[in-house]
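For reference, the structure is listed below as structure tokens.
The values are calculated or read from the model by the stated rules, or taken from the named source; none is laboratory data. As the structure is a computational prediction, the values presented were derived from the model and not from experiment. Note that we place each Cβ from the backbone using ideal geometry, even for glycine, and neighbour counts take in every protein chain shown. Calculation scope for accessible area: heavy atoms of the full protein, side chains included, ligands and nucleic acids excluded. Shrake-Rupley method; radii C 1.70, N 1.55, O 1.52, S 1.80 Å.
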Amino acid sequence: MISFQPTEDQTLIIDTVAQLVGARVAPGVRAREAARGVEPELLAAATELALDGAGYGAASGGQGLGLLTALMIEEELAASDASVAFSLPGFMPFTVFLDTLLSEEPRAQRMPELLRGERLGALAWSEPKPCAERPGMVTTAVTAASGYRLTGEKCFVGNVERAEELLVLAQLQPEAGWAGLGAFTVPQQAPGVRLLGRHATVGLDAACFGAVRLDDVAVGPEALLGQGAALTARLAEAFARYSLHVAARQVGLTRGAFELMKGYAEVRKAFGKPIAQFQSIAFTIADRFIELESARELVRRAAWAWDVGKPAAQCLQWSAQAIATAHELGMRAAEDCVQLHGGAGFIRDVVAEKLMRDAKQLALCGYTAAQADQLAAGLGLGLALDPATSLPTPDTQAVFT
Amino acid sequence: MYEFELTTQQQLLKEAIHSLGQSVIRPQSLGWDRAKDIDQGFLRNFYTMSSALRGSDNPLEDFNEGPKVRDPKRISNTNRTAAVGAEEMAWADAAIMLSLPGPGLGAPPIRNSGTPEQKERYFSIFRDMSEQLRWGAYGLTEPGAGSDVAGIRTSCVRDGTHWVLNGRKCFITNGGRASWVVIFATVDPSLGRAGHRAFVVERGTPGFSVGKIEDKMGLCANETAELVLEDCRVPADALLGGESAYQSKEGFMTAMKTFDNTRPLVAAMACGIGRAAYEYATEFVKEHYLLGRPLPRYAAIAERLARMARRLEGARLSVWKAVSMADHGVPNAREASASKALAGQVATQVCIDAIEICGAHGTLREDHALLEKWFRDIKVYDIFEGTGQVQRIVVSRRLMEGLERF
């Protein structure tokens with residue numbers, strides 16, 4: 001039966017997160033941005049509450065509350081600061097991807113330490129340039145006697161400076177194009193791995209994105225987590241799941257922007273009355289509310305679909321629709337938030353300008369709206385999934401992971 | 001708990017309507033549209049069939065029995081089922097949904113505010129329609145007051161045991177064929193909402209006549225009429241809810257309660273028309289080629305289809321949320337208006353996009369006539385039951401309680 005009622009557990013969890021947000025997240029938004037990182041005390045508090053493990057199954061060391069609950073937590077955090085979740089292990093793409101790509105036994109072995117924050121990883125997907133010679137990654141993995149040797153450069157990698165391990169996507173079968181990828185885990189301390197520094201980004205300053213170079217890095221055969229068509233299908237699922245996390249952050253940011261602009265419009269006076277009394281302003285606020293509700297339920301329905309085990313194609317399509325909608329509407333809300341503040345919105349005294357910068361950057365984490373639309377279109381038209389368009393490849397738009 | 005699955009009953013209802021729509025309704029849809037009427041035999045058969053299907057959660061509320069006494073501990077599913085059914089009916093043909101025999105939009109105000117005697121009197125005429133189909137109607141809009149309900153000018157003056165009504169009502173769905181119409185009037189326009197009264201005016205009442213039957217852009221098979229009240233005398237017991245119901249602003253609230261119930265259903269219908277157009281464009285794209293390449297290979301077309309689909313999905317979820325709140329007894333005025341604003345706008349754009357995707361073919365009234373019809377039908381869904389702008393007024397006032405009148 002159609003229902004939009006959170007469970008008692010979900011309500012309790014969200015109340016707890018809201019308290020954490022009020023006490024620790026909201027007061028430090030600008031300080032966090034200036035420090036370009038999330039304060040360890042906040043990370044410790046979030047870890048203590050095991051917030052980022054809520055969505056994972058018990059076998060992975062999580063609480064088994066499902067993706068929907070995890071995304072409710074994401075929204076609540078991001079309504080105050082969308083950058084925080086990037087530093088929580090369970091919400092990192094490396095963790096989401098590993099949980100999706102690993103089979104049962106290695107998942108049970110590896111996931112708990114990740115969720116406890118005892119070991120951090122980073123997903124090395126994007127590259128500085130598309131490959132000019134053939135479809136696929138520039139980074140290659142060549143079979144060697146003792147395993148594989150990886151060479152190439154990865155960029156837009158989240159938490160690359162903190163990560164002890166990288167999940168590197170490289171071209172294993174050059175002739176197979178995007179269907180010829182291999183996924184490898186690479187210790188960051190491995191010989192040949194070199195950090196190239198942190199990117200200066202337009203938004204999400206407290207989240208860290210950087211680049212890494214791999215020069216003939218040797219890994220054993222156990223480093224290969226998957227390859228070929230089977231990997232491609234799993235990668236699409238992993239990207240969809242991770243991108244739903246980001247979409248939930250975008251919904252949270254949208255909510256933050258909506259509340260900020262509404263509050264301002266109710267008190268800011270022009271021509272002798274609050275600007276909310278002008279229809280153009282009131283309608284803008286109403287539209288952003290209507291869109292916020294719509295985006296939120298699309299995100300939650302997609303998460304619900306994954307949780308209840310709907311067919312993969314259905315989950316992917318609903319996820320893609322939710323992701324594209326969240327980013328489209330989030331950007332609009334953030335821009336309107338600045339616009340309604342007028343000149344004040346452009347000044348850093350008000351957080352509106354940060355929301356607009358963060359919204360743009362969020363929209364480039366995981367699937368972009370355009371890529372998600374391409375994925376959904378393919379599924380809607382009943383086309384076989386082409387990895388060139390069903391994955392957020394550097395051939396279309398480079399994305400942050 | 002979050003849940004997006006239809007119940008078995010809802011799924012069966014959806015499939016039954018879909019099947020009927022596909023095999024029976026759509027083949028006749030264009031003929032009815034051009035004839036500006038729906039075959040009475042079809043309506044009778046449809047009514048008989050739906051009567052057999054009636055259950056507590058059936059969208060075709062069982063008016064024969066009058067209003068049901070609901071167990072307050074049992075959460076109703078009626079509004080959700082109605083939304084599912086309304087979308088599917090509109091997918092088949094939106095004009096039928098509006099033309100179905102029964103009390104129509106007149107039902108909610110009588111159900112919400114009528115006395116037990118009034119409910120029996122006005123609903124009982126629908127008890128047996130085997131020989132003659134009957135309709136009820138809802139008369140609120142006037143030439144000078146559309147969505148601005150508070151601005152109605154049709155007057156009502158107490159005269160002994162009767163009320164005397166004067167004014168004109170316009171854009172009244174099934175107004176010309178209705179056995180009775182719920183008419184909203186005012187005892188004194190200067191009193192605003194407090195001056196409003198609602199009456200049930202029966203056909204044949206002296207001074208009550210049908211004016212112009214409108215020639216519309218879309219929904220042509222459904223009748224839209226002008227109603228004229230000239231010194232129309234109605235008995236005092238036609239005052240909906242009786243005198244005691246108007247000690248406060250109840251007159252106005254009766255109208256508003258109706259909208260809270262019906263706006264999400266209108267929005268659901270918009271989703272149905274939009275979905276029909278989206279599916280049509282999708283099939284068109286699959287079957288056509290440009291420069292030797294299948295159309296889906298063109299990213300611009302594929303992306304536009306994807307946008308159409310996700311916007312419709314978002315609109316449907318907003319409808320479902322509004323009706324779910326209604327079923328739980330949670331005030332939903334804001335969400336009802338939000339769903340109507342979103343679905344009306346989204347579905348209109350989807351129909352425009354569908355025509356655009358099909359190119360010149362999409363505008364033809366022969367080869368692609370259904371698409372052309374949906375394009376004409378959909379626009380009014382962003383207008384009736386309150387325009388998109390009026391919905392935004394409602395939403396913004398509900399968001400910002402201190403907001404004065406614009």
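When +1 charges are put on Lys and Arg Cβ atoms and -1 charges on Asp and Glu Cβ atoms, the dipole computed for chain A relative to its Cα centre reaches about 720 debye. On the principal axes of its alpha carbon atoms, chain A extends 78, 46, 44 Å, with the longest extent given first.
Relative to the compact-globule estimate of 2.2 N^0.38 Å, the Cα radius of gyration of segment A:121-228 comes out at 1.03. Projected onto their three principal axes, the Cα atoms of segment A:310-395 cover extents of 49, 26, 18 Å, largest first. By DSSP, what percent of the beta bridges with both residues in chain B are antiparallel, rounded to the nearest 5? Antiparallel bridges: around 85 percent, rounded to the nearest 5. Peptide B:314-323 has a mean shielding of 5, counted as Cβ atoms of other protein chains within 10 Å of each residue's Cβ. Of all DSSP bridge pairs formed entirely within the protein assembly as shown, close to 85 percent run antiparallel. For segment A:230-390, the number of Lys pairs separated by eight or more positions or lying on different chains, with C-alpha atoms closer than 30 Å, is 6. On a 0 to 90° scale, report how tilted helix A:104-115 is relative to the longest principal axis of chain A, with both axes built from alpha carbons and the result rounded to the nearest 10. The angle comes out near 50 degrees. Taking a point 7 Å out from the Cα of A:R213 in the direction of its Cβ, the residues of segment A:135-174 whose backbone N falls within less than 16 Å of it are A:139-140, A:150-156. Taking every Cα-Cα distance in segment A:230-390 and sorting them into 10 Å bins starting at zero, the pair-distance distribution P(r) comes out as 12, 37, 27, 16, 8, 1, 0 percent. Inter-chain Cβ neighbour count for A:4-16, averaged per residue, equals 2 (cutoff 10 Å, partner chain atoms only).
Just so you know, the Rg over Rh for the protein assembly as shown is 1.03, from Cα atoms, with Rh as the Kirkwood radius. For segment B:103-157 versus segment A:248-316, the inter-centroid distance based on Cα atoms is 36 Å. Take each residue of peptide A:294-306, count the partner chain Cβ atoms within 10 Å of its Cβ, and average: the result is 4. Helix B:299-327 axis versus longest C-alpha principal axis of chain B: approximately 30°, rounded to the nearest ten.
Taking N as the residue count of chain B, its C-alpha radius of gyration divided by 2.2 N^0.38 Å amounts to 1.00. In the calculated pair distance distribution of segment B:134-248, what percentage of Cα-Cα distances lie above 19 Å? Across segment B:134-248, Cα pairs with separations above 19 Å total 41 percent. Taking packing as the residue-averaged number of other Cβ atoms within 10 angstrom, the listed peptides A:179-188, B:146-155 run from highest to lowest as A:179-188, B:146-155.
Normalised by the number of residues in segment A:218-301, the average gap of Cα pairs under 8 Å and 6 or more apart makes the relative contact order 28 percent. The alpha carbon centroids of segment A:44-59 and segment A:325-377 are separated by 28 Å.
Put simply, segment B:346-390 fits an ellipsoid with semi-axes of 23, 11, 5 Å; these come from the alpha carbon gyration tensor as the roots of five times its eigenvalues, largest first. What are the lysines whose alpha-carbon lies under 25 Å from the alpha-carbon of B:K379, with same-chain residues fewer than 8 places away excluded? The reachable lysines, counting only those whose Cα sits under 25 Å from B:K379, are B:K14, B:K36, B:K169, B:K212, B:K216, B:K257, B:K321, B:K340.
Between A:R194 and A:Q19, the distance separating the two model label sites (each 7 Å from Cα on the Cα→Cβ line) works out to 5.0 nm.
For chain B, the solvent-accessible area works out to 40 Å² per residue, with a probe of 1.4 Å and every protein chain left in place.
In this assembly, the A-B interface accounts for approximately 4400 Å² of buried accessible surface in total, computed with a 1.4 Å probe and without ligands, DNA or RNA. Note on chain B: GNM, Cα springs under 10 Å; of B:T161, B:T363, B:T282, the largest mean-square fluctuation is that of B:T161.
Taking the Kirkwood radius as Rh and the Cα radius of gyration as Rg, segment A:12-105 has a ratio of Rg/Rh equal to 0.98.
Helical content of chain A, expressed as a calculated mean residue ellipticity at 222 nm, amounts to -16000 deg cm²/dmol (DSSP H runs of 4 or more residues, -39,500 (n - 2.57) each, divided by residue number, nearest 500).
3J(HN,Hα) along segment B:210-215: 8, x, 6, 8, 6, 9 Hz, from the Karplus curve 6.51 cos²θ - 1.76 cosθ + 1.60 with θ = phi - 60°, whole Hz, x for Gly and Pro.
Can you give the angle from 0 to 90° between the axis of helix B:388-399 and the longest principal axis of chain B, with both taken from C-alpha atoms, to the nearest 10? With both axes taken from Cα atoms, the answer is about 70 degrees. Calculated mean residue ellipticity at 222 nm for chain B: -15500 deg cm²/dmol, from DSSP H runs with n ≥ 4 weighted as -39500 (n - 2.57), summed, divided by the residue count and rounded to 500.
Once each part is reduced to its C-alpha centroid, what is the distance from segment B:164-234 to segment A:75-89 in angstrom? Taking the Cα centre of each part, segment B:164-234 and segment A:75-89 sit 55 Å apart.
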